[in-house]
Amino acid sequence: MKLSKSKVNQALDMLAKEATVLVPMIVDGVSKFAPWGTEGKLALDIVNTLLPPKDALFPQTEKMYKYKVSAETAEVKEITDSDKQVVFGLRSCDMHSIDCMDAVFLTKGYVDNFYSRKRENLTTIAINCTKSNPTCFCDSMGVDPNNAASADMQLIDIGDAYVVEARTEKGKAVEALWQPLLEAGEGTATPISCELKLDMAGLPAKLRGMFESDIWDDGYQACIGCGTCTYICPTCYCFDINAENHGQEGVQFRCWDSCMFSEYTRMAGGHNPRPSKKERLRNRFMHKLAYFDERYNKNLCAGCGRCVVNCPVNIDITRFIEKVKEVPVNG
Amino acid sequence: MSVDVEKKNVDPNWEPKILSFSCNWCTYAGADLAGLNRMKYPENVRVIRVPCSGRVNPQFVLRAFQKGSDGVLVCGCHPGDCHYVTGNYFTRRRFLLMQRFLEYNGIDPRRFQARWISGAEAGKFRDTVTKVSNDIKALGPNKKFQESWYKERGESNE
Amino acid sequence: MSDIQQELRKTARELLESGEVGYIIGWGKGRFANQTHPIFVKDPAKVDELVWDDYCLSTLAKYTQDDKYPEKKIGICVRGCDSRAVNRLIQDHQLKREDVYLIGIPCSGKLDPETNEPAKKCVECAHRNPVVYDVLLGSPVEEVPQPERFKEVEELEAMTPDERYNYWADVYDKCIRCYACRNVCPACNCRECYTDQYRVGWQGKQNNRAENQIFGITRAYHVGDRCIECGECQRVCPMGLPLMKLNRKMLKDINNLFGAYEAGLDTETKPALGHYETNDVEEFM
Amino acid sequence: MVEIERECSCEKNPLVPQVCQIVEITDETPDIKTFKVKTMEGTKPFAPKPGQLGMFSLIGIGEGMFSITAQGEDYLDFAIKKIGMLTDALHEVKPGKQIGLRGPYGNTFPTEGCKGKNMLFIGGGIGLAPVRSFIRYAFENRKDYGKIDIVYGSRTPADLCFKDDLFKNWPAMPDTEVHVTVDKGDENWNGHVGFVPAFVEELNFSPADTIVVLCGPPIMIKYCAQSLKKMGFADDQVVTTLEMRMKCGIGKCGRCNIGSKYVCLDGPVFTMAELADLPAEY
């Protein structure tokens, strides 16, 4: 079945009756996934939004529980609200990052209930890429820009229409909803690949042995220690937990945190295991390229290129990967 | 998104919350004297004693609005009379700018004021807070800069 | 430009070989033609990594703050903006003049890598030639007067308070609080920023309008009289927020209230908020 | 030589604390207090194994991860040193205060793997708090373990915590020796004066069939590990417990990683052999 591009607005309207539908939009100059029906311009033709859709599952600020305290007593009430959401038009790299977050929040001993509630209520509708940015390198990171395997539904851009491929129950429900809009028809898209190619073979294992390498002694100096790379990264998931107090009551919330900030690892008493930009940048690159692979068997870098474009001082993970490749083994 | 709803739907019994940062050496003594002389001034002004008007970090003002104040008043010694010699000269520069900067960010400048009130000027203290209180009553509740927590809870919040 | 690049590399080599400086902070080329990034050259054999082209946008003086007690002088390439930043840091006692060797480069403006148009911060620049240097490469360029320095501020001032509030609220709503504006700013040199002392209660870590307003206003106010108008905050902001409209409002009022003022042109002029006059404007009587 | 047991399980939301009550506060030293905690029903909040952690929260002020230093039928004990914002506030509270608690988190000391071995417990300062959970376990199951040596040091005699245990309860246990040292004595101090690593070397323990459990300030751990190596202890005979800044406690929030391991989930207990394989970033 296929969905004519002229009917996309109608399709989104239908979805929006049942759920909050997040679509790539340009809102006031910033491209991001914004709720369909709010002010902004639908932008299905851009390769990557500036802000990834991770906010849908892992909001920058998420309230966890309300509390009331007095001199002696304390009361805690968990916040469990979670609405139905659909992310429409996400790219394979962003889908990969949801896979990464699933691994973090849903496996390894504990399930994060705040995340899992949102995840269960989320339907993902991916669209294949028909072109790539010069900074795209997802196919080097094991992501297929033509197909997001784990999405609930894949749309394949065949020019004037999207071929609809529902893959899960959630995806089939969307297909059923769209039934009045769909037409018979099949088609394929010409597969694309990224121009920027990186050789990742053996890199995670090699990096694991390079913690003490002098490769880290160069390049970190330019870092200004801001959180841009981590906040616009679709896969960065680190968070902080804090309280917002209002007299005797308040709300405990979690919010994004960045490993690039100095106080991220600083302990009470002042000791900081990652005291300078060097250690912090090393941890970020190692986490993206080696540690995560070791723990979850995936690259934490989706190859979307957002940090490459937006770093204020052009610190470039792709050039770092090339640099690692050049280091002789056992060197 | 608009916040220009201030004057509409205001409870007739609404009383503004006004915070006054008062210098220990002059204004606080002036307020004290006003009390001793049984002068009446609006009870909606809460006085916070500070060692010097120069102690008042501009962020105190922002936080006050954020936490639900409808107006902020900073009071100190007359220029030249500072207990620490120069504190209020810096206050003057700082708050001349702060007032304009808050106005630029959309706050009515009447909501944030500074005054010099000496320890002997009990009457000036009474007149100033009365005027500020009346001004702010006329302006209505402030919602700008406020945390959503307070906005959601409306006027019942104390 | 390539002449200056040649000269820059030559000067850098000499400085490094003679041991006059420990390293040189300049610009290097990224993967793409429209990218440069700050580089730190220690080895005289690597001076050819230094470039001087249309995309050398980053200001460099802030990096001296990562190395406050250098063994040898730090060599820094300074354009107008960088040199003013150096002056500001010296005036704040965050940097010693004798700890830096300034390689002055007159600059006629850089290009925005996205549009290839002249970068906004350079179009608005009033001091293209370094105001302090140890050696000057090339010859001074013509300064471009900026009669419209406060035009954007005036446009906002003409709005009603509610319009202004809503304008800024929209801006603060977009902020993701990555702190790039703070970290890149050569005037932000506190050892520990108040935002990092969030446990003290200055700044909540949650991202919402109220907290973002506090951050936006406090950042601009803290920078205050130290802003050298390099425009880096606005350039690095990933959300493209008009931060210079905040900084310039402070500067406009400083100019109106306390006399003509531009930060960092020299180290002698007292900063507007670092001193006072007994006969300052009086509005609080 | 020893395998560290790792397990975790959770039925309810692991990030939301249960409200518990501080029922008793004991002053250990001028800056260390022990907080006895029960649920509101007067029962034990949860049943941790030796070495595990609890996320202790003064609701509205902050949360902190602390080792559980002891447990009884119906209570948990946390010995907490005053060092930061949360702990300063904690030291001000009175018994009866309701707090939030979640856990238990992390892995445990290898109580099973150590059975039949001689035990050498080394603690420095507040570092005795986590070790104490294992010491108490060993005494409760005294026949399972061989000779027990406890080496403990603090800055001054006043800073020695768990004094009752050190000078009364533990020395009275069968086949047990307690060695106490201070960095700097005072006029009433007749015991040993000197740093813990040097003291350990002086005591010259035999590595044969012995497992060491070591915890203290990072610098003490480092030098003790060197001393033990000199005495012939292999890396897998030495068990230590680490601390890092933690927020979630369940291996999600990211900050307590050492390499790909999370201290809150895969730790805090590691053998020196395991640590040798991890980046030295703690």
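Computed from the coordinates by the stated procedures, all read-outs in this text should not be read as laboratory data. Because the structure is a prediction, the values reported are computed rather than measured. Neighbour counts are summed over all protein chains in view; Cβ atoms, including those assigned to glycine, are modelled from backbone coordinates with ideal geometry.
Given a Förster distance of 22 angstrom, what is the FRET efficiency for B:ASN134 paired with C:ASP162, based on the Cβ-Cβ distance and rounded to 0.05?
Calculated value: 0.50.
Give the peptides A:45-51, C:127-133 in descending order of average Cβ contacts within 10 Å, highest first.
Highest-to-lowest ranking by the protection proxy: C:127-133, A:45-51.
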Exercise for review: Compare the peptides C:57-65, D:200-208 by average per-residue count of other Cβ atoms within 10 angstrom and give them in order, highest first.
Suggested key: C:57-65, D:200-208
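Using mean Cβ contacts within 10 Å as the protection proxy, how do A:158-169, C:179-190 order, highest first?
C:179-190, A:158-169
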Check your understanding: In units of 2.2 N^0.38 Å, what is the alpha-carbon radius of gyration of region C:151-258?
Key -> 1.05
Review point. When the Kirkwood radius is taken over all Cα pairs of chain A, what Stokes-Einstein diffusion coefficient follows at 25 °C and 0.890 mPa s, in µm²/s?
Key: 114
Check your understanding: Relative contact order for region B:18-148 using alpha-carbon pairs under 8 Å, separation at least 6, rounded to a whole percent?
Key -> 38
Review point. If you bin the C-alpha pair distances of region A:8-111 every 10 Å from 0, what whole percents do you get?
Key: 13, 35, 29, 15, 7, 1
Practice item. Give me D for region C:2-136 in µm² s⁻¹, whole number, from Stokes-Einstein with Rh from the Kirkwood sum over alpha-carbon pairs, 4 °C and 1.567 mPa s. Key: 87
Check your understanding: Given a cut-off of under 8 Å on Cα pairs at least six residues apart, what relative contact order in percent is computed for chain C?
Key -> 16
Review point. Counting partner chain Cβ atoms within 10 Å of every residue's Cβ in C:27-34, what's the average?
Key: 4
Check your understanding: Other chains near A:68-78: what is the mean number of their Cβ atoms within 10 Å of each residue's Cβ?
Key -> 6
Check your understanding: Using the membrane-span-like helix rule (whole DSSP H runs, Cα extent along the own axis of at least 18 Å, mean Kyte-Doolittle hydropathy at least -0.5), which helices of chain B qualify?
Key -> B:122-139
Revision key, fill the gap. Under the Karplus relation with 6.51, -1.76 and 1.60 and θ = phi - 60°, whole-Hz ³J(HN,Hα) for region A:213-226, x at Gly and Pro, equal 4, 7, 4, 7, 6, 10, x, 6, 4, 6, 4, 9, x, 8
Study note, to complete from the structure: For region A:172-230, the Cα convex hull volume per residue in Å³ comes to 257
Study note, to complete from the structure: Here Rg/Rh (Cα, Kirkwood) for region C:100-180 equals 1.11
**Study point:** Degrees between helix C:80-91 axis and first principal axis of chain C (Cα, 0 to 90, nearest 10)
**Key:** 70
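Let me check I have the definition right: for region D:18-105, take the eigenvalues of the Cα gyration tensor, multiply each by 5, take square roots. What are those semi-axes in whole Å, largest first? Let's see the in-between values first.
Details: eigenvalues 62, 37, 34 Å².
In descending order, the three semi-axes are 18, 14, 13 Å.
Tell me the mean residue ellipticity at 222 nm calculated for the protein assembly as shown from its helices only (DSSP H runs of n ≥ 4, each -39500 (n - 2.57), averaged over every residue, nearest 500).
On the way: 29 runs with 282 residues, N = 1056.
-8000 deg cm²/dmol, from helical runs alone.
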Exercise for review: For region A:236-300, count the residues as N, evaluate 2.2 N^0.38 Å, and divide the Cα radius of gyration by that value, please.
Suggested key: 1.40
Revision key, fill the gap. Least to most buried among A:ASP81, D:ASP149, A:ASP218, by other C-beta atoms within 10 Å and fewest first, runs A:ASP81, A:ASP218, D:ASP149
Practice item. Whole Å is fine, so just give me how far the alpha carbon centre of region A:180-213 lies from that of region D:244-261. Key: 28
Review point. Hey, quick one: spin label on A:LYS84, modelled 7 Å out along Cα-Cβ, who in region A:96-130 has an amide N within reach, i.e. under 14 Å?
Key: A:120-124
Check your understanding: Counting other Cβ atoms within 10 Å of each Cβ, which GluC sites (Glu not before Pro) in region C:66-160 have at most 13 and sit in a DSSP loop?
Key -> C:GLU71, C:GLU114, C:GLU142, C:GLU143, C:GLU148
Review point. Looking at region D:118-276 from every direction and averaging, what is the projected area of its Cα convex hull in nm²?
Key: 9.8
Point to revise | Max mean-square fluctuation residue, GNM over chain D, Cα-Cα springs under 10 Å, options D:GLN237, D:GLN18, D:GLN52 | key: D:GLN18
Review point. Hey, any idea what Rg/Rh is for chain B, computing Rh the Kirkwood way over Cα pairs?
Key: 0.98
Check your understanding: For chain C, what does the alpha-carbon gyration tensor say about shape, rounded, prolate or oblate, given a ≥ b ≥ c as the root eigenvalues, a/c under 1.5 as rounded, and a/b over b/c as prolate?
Key -> prolate
Practice item. With no solvent and one equal point scatterer placed on each C-alpha of region C:185-238, evaluate the Debye formula and give log10 I(q)/I(0) for q = 0.31 Å⁻¹, two decimals. Key: -1.27
Review point. Over all pairs of distinct alpha carbons, what does the Kirkwood formula give as the hydrodynamic radius of region A:257-331, in Å?
Key: 14.0
Revision key, fill the gap. Relative to chain C, whose Cα atoms define the longest principal axis, helix C:209-223 and its Cα axis are tilted in degrees, nearest 10, by 60
Check your understanding: Kirkwood hydrodynamic radius of chain D from all distinct Cα pairs, in Å?
Key -> 19.1
Review point. Counting other Cβ atoms within 10 Å, which GluC sites (Glu not before Pro) in region A:22-127 have at most 13 and lie in a DSSP loop?
Key: A:GLU39, A:GLU72
Practice item. Assuming a ≥ b ≥ c are the square roots of the Cα gyration tensor eigenvalues, decide whether the protein assembly as shown counts as rounded (a/c under 1.5), prolate (otherwise, with a/b larger than b/c) or oblate. Key: rounded
Check your understanding: From the square roots a ≥ b ≥ c of the eigenvalues of the alpha-carbon gyration tensor of region D:94-180, which class results: rounded (a/c under 1.5), prolate (a/b over b/c), or oblate?
Key -> oblate
Check your understanding: Taking only Cα atoms, what is the 0 to 90° angle, nearest 10, from helix D:218-230's long axis to the longest principal axis of chain D?
Key -> 30
**Study point:** Lys/Arg +1, Asp/Glu -1 at C-beta; chain A dipole; positive extreme among A:GLY159, A:MET95, A:ALA11
**Key:** A:MET95
Review point. Which whole-number percent gives the relative contact order of chain A, counting Cα pairs below 8 Å spaced six or more residues apart?
Key: 20
Study note, to complete from the structure: Per-residue average of other protein chain Cβ atoms inside 10 Å, peptide C:255-264 -> 1
